[in-house]
Amino acid sequence: MAPPIPFLAVRGSDGTSLLCGPPQCEQPSPFQRDARPSRCATFSRDGTLFGWCNGHSVSVVRSNDGSAVSSLDLPKTALLELSPLNNILVTWQPYTKAQDSPQGDANLQLWEVPSGRLIKALYQKKLESWCPSWSDDEKICARSVNNELHFYENNDFNSIANKLHMQKVSDFALSPGAPPSKVAVFVPGTKGAPSFVRLYQYPVLGGPTAALANKSFFKADRVGLQWNKKASAVLVTASTEVDKTGASYYGEQTLHYLAVTGETAHVQLAKNGPIYDVAWSPDSAGFCVVYGFMPAKATVFNLKCDPVFDFGTGPRNAAYYSPQGHILVLAGFGNLRGQMEVWDVKKYKQVSKPQAPDATHFFWSPDGEHIVTATCSPRLRVSNGYKIWHYTGSVLHKVDVAAGSELWEVRWQPFPAGSFPEKPVKYQAAPSELGTTQAPPTQAYRPPALRHLPATPSSKLHEDEPPQDLRSGFSGEKNLSKSALKNQKKREAKKAAKQENKPDPGPPSDPAPVGNSQSETSSGDPEMDKKIKNLKKKLKAIEELKELQVSGKVLQKNQLEKVQKEEQLLKELQELQVGQ
């Protein structure tokens with residue numbers, strides 16, 4: 001039986017459509033395109049239902065044939081979500097107050113699907129964590145209320161089945177997968193006390209002793225909590241609003257690991273700078289982190305938080321695993337130029353290097369073969385459109401939105417795990433009439449004063465690091481990390497330089513060589529000793545500049561002027577030493 005073809009939902013100022021999936025995109029007849037602009041749209045978790053709000057009503061239809069499931073008169077709805085088993089539709093609209101109703105109306109509403117019966121109306125003023133969180137079997141539902149967690153069971157929202165009593169719970173994440181359900185909670189630090197994340201197994205939620213794991217840390221105003229699919233571990237990205245060291249405009253980030261077995265770790269990253277993205281592998285056996293000042297590094301870690309593969313440095317700020325986990329895309333979107341690196345995860349071999357400039361959205365198709373990139377408003381209000389790619393870099397379909405219209409969102413129809421089998425990775429570009437858009441070779445920035453001179457390989461603004469396999473048996477230096485290897489090479493080079501700079505024994509009348517290894521002799525005149533020391537320091541700096549020049553580095557104007565003064569400085573040094 002052939003696997004299904006996923007739909008692509010397209011939402012913009014021209015309306016909402018469900019289009020046939022790759023390699024072509026044509027509007028199917030079952031779904032009648034809604035020409036009115038939609039405020040929001042969503043698929044159910046299994047992809048069988050599709051819902052949207054067009055400013056007049058909220059509609060839910062079956063994805064395969066477009067038949068109506070329910071319709072609600074909720075014109076102000078701004079967000080939609082369906083529960084995991086499609087039993088409940090959640091709608092949210094901005095919270096407002098009126099003179100006749102100081103408390104305002106309940107703006108978070110839970111509706112029964114397909115009857116359309118209102119189950120519960122709740123107050124949710126903040127947009128953050130607006131939607132209740134369900135376990136996959138819908139036996140448990142959790143919601144943050146006034147800095148504490150309320151738990152409901154079997155979709156009975158008239159009574160709270162359980163509460164997590166803890167001071168100021170700021171964020172939480174319910175585990176995916178089969179029961180028993182687990183929950184990760186974050187409590188920010190106060191008055192010198194550290195922040196912490198704890199893992200609990202429902203319904204045992206009382207006190208620190210009941211916690212499956214506990215990790216405390218400083219420097220955390222907010223966190224991102226990510227469970228792996230097997231619900232065996234959580235990754236915590238802790239962030240501060242301001243980096244007090246002044247090293248980063250974006251604040252300071254750290255990454256922590258907690259396992260339900262109680263193991264915790266601070267993930268050590270080999271480069272300073274922001275953490276741009278963290279992505280779990282779909283098999284839950286590892287994770288990829290994109291981090292460090294540009295050009296950023298990307299590294300895959302195992303569950304022991306040991307680095308497995310280092311992708312080197314590059315213009316990237318995001319990582320996307322295919323649904324099957326066999327391909328990883330590293331990309332640089334936003335303020336970067338849209339370069340994508342497609343990697344075979346099993347062989348750690350690069351497949352392609354396409355480029356999608358100005359892309360604001362990226363999504364894998366459920367088949368693990370195709371991706372969609374889009375330029376959407378309001379991030380960019382010009383050149384809106386989307387492209388469907390094969391992961392080998394071929395553009396299979398391209399749509400440019402007409403002038404005066406805007407594209408707001410594109411998203412693939414999801415499918416249950418296992419719907420699409422994993423296929424062998426191909427390295428030859430898939431055939432396409434639109435061709436490929438491989439990224440051009442990057443060139444280092446050169447100051448205007450040097451642009452008339454011939455370029456040299458060493459005249460780079462940044463030192464690019466190549467990929468390196470860090471698995472046991474693959475690394476060439478005792479399986480050391482990249483940073484450890486770099487430090488080791490520096491120490492060896494420094495030691496060798498010292499050996500070479502040792503002065504040969506000679507008669508006392510010989511002029512002393514300039515270098516660090518020379519023993520300082522006093523003339524008895526502190527002023528003269530000071531002058532000799534300064535001259536030697538300048539001559540040493542000139543020697544270093546000459547070595548850089550020999551290696552091919554282009555020196556700047558002030559550096560060239562220093563080199564030209566070498567003969568004059570040597571003469572001054574000789575006169576002072578003769579006068580001692």
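Read the figures in this text as sums done on the coordinates, not as results from a lab. Source: prediction; values computed, not measured. Here Cβ is always computed from backbone atoms with ideal geometry, including for glycine, and neighbour counts include all displayed protein chains.
Some notes on this structure:
- Segments 123-130, 74-81 sorted - mean Cβ within 10 Å per residue, highest first: 74-81, 123-130
- With a simple spin-label model that places each label point 7 Å from the Cα along the Cα-to-Cβ direction, the separation between Lys229 and Glu567 comes to 7.2 nm.
- Sites Ile160 and Glu263, calculated FRET efficiency, Cβ-Cβ separation with R0 41 Å, nearest 0.05: 0.80
- Simple spin-label estimate for Ala402 and Asp65 in nanometres, 7 Å along Cα-Cβ: 3.3
- Exposure proxy order (Cβ contacts within 10 Å, fewest to most) of Asp358, Asp464, Asp283, Asp367: Asp464, Asp283, Asp358, Asp367
- Local electrostatic count, Ile327, Cβ distance below 15 Å [Lys/Arg +1, Asp/Glu -1]: 0
- Neighbour counts of C-beta atoms inside 10 Å place Asp14, Asp65 in the sequence Asp65, Asp14, starting with the fewest.
- The residues packed around Leu212, meaning those with a beta-carbon under 12 Å from its beta-carbon, carry a net charge of +2 if Lys and Arg are +1 and Asp and Glu are -1.
- Shown is the FRET efficiency for Ala417 and Glu128, computed with R0 = 22 Å from the Cβ-Cβ distance and rounded to the nearest 0.05: 0.20.
- Approximate spin-label separation Arg222-Leu560, in nm, with each point projected 7 Å along Cα-to-Cβ: 5.1
- Stokes-Einstein translational diffusion, segment 37-136 - Kirkwood Rh over all Cα pairs, 0.692 mPa s, 37 °C, in µm²/s: 236
- Remark: the Asp100-Gln201 segment gains 31.9 nm on full extension, using 0.36 nm per residue and subtracting the alpha carbon distance.
- Kirkwood Rh, angstrom, segment 134-213 [1 / mean 1/r, Cα pairs]: 13.0
- Rg in Å to one decimal, and Dmax rounded to a whole Å, for segment 160-266 via C-alpha atoms: 14.2, 47
- For Lys537, a cut-off of 12 angstrom between C-alpha atoms picks up these aspartates and glutamates, skipping any fewer than 8 places away in its own chain: Glu566.
- Relative contact order [Cα under 8 Å, 6+ residues apart], segment 57-96, whole percent: 30
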